[in-house]
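Encoded as structure tokens, the structure appears first; notes follow it.
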Amino acid sequence: MNLTLPDWIIIIAYLIGCLAAGLWMRKFVRGVEDFAVAGREMDVNLGIASLAATELGLVTIMYTGQLGYEKGFAGSMIGVIMCIAIWLIGRTGFVIGPLRDAGVMTIPELFQKRFGSRVRWLAGLFVVLGGLLNMGIFLRLGGEFLVSATGMPPGWLEWVMTVLLGLVLIYTALGGMLSVLVTDYLQFLVMGVGLVVTSVLVIDHIGWINLVQGLTTAWTGGGAAPSVTQMAAHPFNPFHASSFGWGYLLWQFALNIAVATTWQTQISRVLATKNADTAKRMYRQTAFYYVGRFLLPGLWGAAAFVWYAQQGGLPKELTSLTAMPHYLSLVLPVGVIGLVVAAMLAAEMSTDSGYMLTWATVIYNDLITPCLRKPLAPKQQLLLTRLLVLAIAIFLLFYGLWYELPGNAWDYLAVTGNIYLASVFTLLVAGLYWPRGNATGAGAALILGAIGPLAFLLLGRTYPIAPEVAGASSFGLAALGMIVGSLLTPAPSTQ
């Protein structure tokens, strides 16, 4: 174990403080609207902290570190694309403006007003399916980071995951979005300190010039010593065919426009804001954060590549996914590692809490509520939603233990998100901006849009499918389904 007594004190103090803050907010929860969207009273600053904290989890640290290890600084290009997409949405208000003005709690709820209850239910099913599969690897990757960075025995991984999930479950199930927002703010502050401190220590350890020269030598091979490992991807040019390439990056731009407008964990923050203008300002001011979200952990991964290359190669027990956290265990001095682990726990807890609440809200609001003959009483609504949070936690715990990734972590997350992102994005755009769109086109878009991502997940290990092909095809098929299905059937009766 690399943790000393001061490290444990920092970690335990943080966990107790976070749990206490989350439980304290329970007394302000009066109904499902408070539980799911915090009474729609979130301001810009709290929205920025909550959005940033939720979208930076330990899984984020792991897959960005893996991208840095495999692709060098070019791996951070995904963060630049995210920044551009979110800033454009915040500047124009595209989709998020009218969505917030609609006063709904979830995206599928809007579809009932436009396409009917059947489309709402089907959309809710795809949102939950894509979201839960996407989140399924969070605990496994988070546990692997903690085990590698702290020197815990590998057999502790499942127990670490279970305890951490249990803490998050307690305050999320009791306080809902109010607890999530308060703990997100605390976690945002701790994460910020942890990211900066770790980055400074990594640069001090590896040396900036040595890092750049090491990546260059690993790519060109010119004059390289035999101990230097070759890098397969161009470490500085993301457009190079050996790196991402143009096709992959174009898919990522389309994907991130869809994420910014339809990813329910982000949209839940939009729907919790005071008004549409607050939502747009939140997006604009959070956009540049996404560059750092990819660049800093990517820097750690790139440094890990150079370090292990200069030591003779990556040890056999490590992979491109676990190399970065293991490298940090060598870099972080005694005492500091406690702060960094607390920051990583903050990242994991904020993401898990926000995601569990989001998917539970969609299940309750869009899968269960439309099937009820009469509305539940307010206390029954809260109890049911809390039980759904518990059920999701149990699913995540078991799914995360056995699923094997068919490729790197980022590709898995992008493709599973595409199960619903492309189709729901198509429905949102058509529902808000194309009066000719109808329920038939919406149903066709939902079904066709899921074909590529599901094929990647189910057949990817036997018949390899390029992630950009699986992802990009979902956008094309969803648009085709909406256009053809709508034009071949009668126009909506409201026209």
Length added when fully stretched, Leu330-Thr220, from 0.36 nm per residue minus Cα-Cα: 36.8 nm
Spacing of the two label points (7 Å from each Cα toward its C-beta) at Ala102 and Ile394, in nm: 3.2 nm
Relative contact order (%) - criterion: Cα under 8 Å, at least six apart; region: region 406-495: 41 percent
Relative packing of peptides 102-110, 68-76, 336-344 - highest average C-beta neighbours within 10 Å first: 68-76, 336-344, 102-110
Förster radius 56 Å - calculated FRET efficiency between Arg118 and Asn45 (Cβ-Cβ, nearest 0.05): 0.90
Cα-Cα separations in region 226-372 greater than 18 Å, expressed as whole percent: 73 percent
Centroid-to-centroid separation of region 312-372 and region 422-495 [C-alpha atoms, Å]: 31 Å
Kirkwood hydrodynamic radius of region 52-135, from inverse mean 1/r over distinct Cα pairs, in Å: 15.6 Å
Contour minus Cα-Cα distance for Ile209 and Leu383 (0.36 nm per residue): 57.0 nm
Per-bin percent of Cα-Cα distances, region 406-495 [5 Å]: 3, 17, 25, 19, 13, 10, 7, 4, 2, 0
Additional length obtainable on full extension of the chain from Leu189 to Ala466, 0.36 nm per residue less Cα span: 95.9 nm
Approximate spin-label separation Trp246-Trp156, in nm, with each point projected 7 Å along Cα-to-Cβ: 5.0 nm
Nearest-0.05 FRET efficiency for Ala13 and Leu488, computed from C-beta distance (R0 45 Å): 0.10
Ranked by how many other beta carbons lie within 10 Å on average, peptides 127-137, 153-163, 314-324 from highest: 127-137, 314-324, 153-163
Reach of Lys71 by Cα under 24 Å, taken over lysines that are not fewer than 8 positions away in the same chain: Lys316
Straight-distance crosslink candidates among lysines, where the alpha carbon sits under 21 Å from Lys113 and sequence neighbours closer than 8 are dropped: Lys374
Region 120-159 - Debye-derived log10 I(q)/I(0), Cα point model, q = 0.32, 0.35 Å⁻¹: -0.96, -1.05
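Every read-out reported here was derived from the displayed coordinates using simple, explicitly stated rules and does not represent laboratory data. Treat the numbers as computed from the prediction; the structure is a model and nothing was measured. Cβ coordinates were reconstructed from backbone atoms using ideal geometry, including for glycine residues, and neighbour counts include every protein chain displayed.
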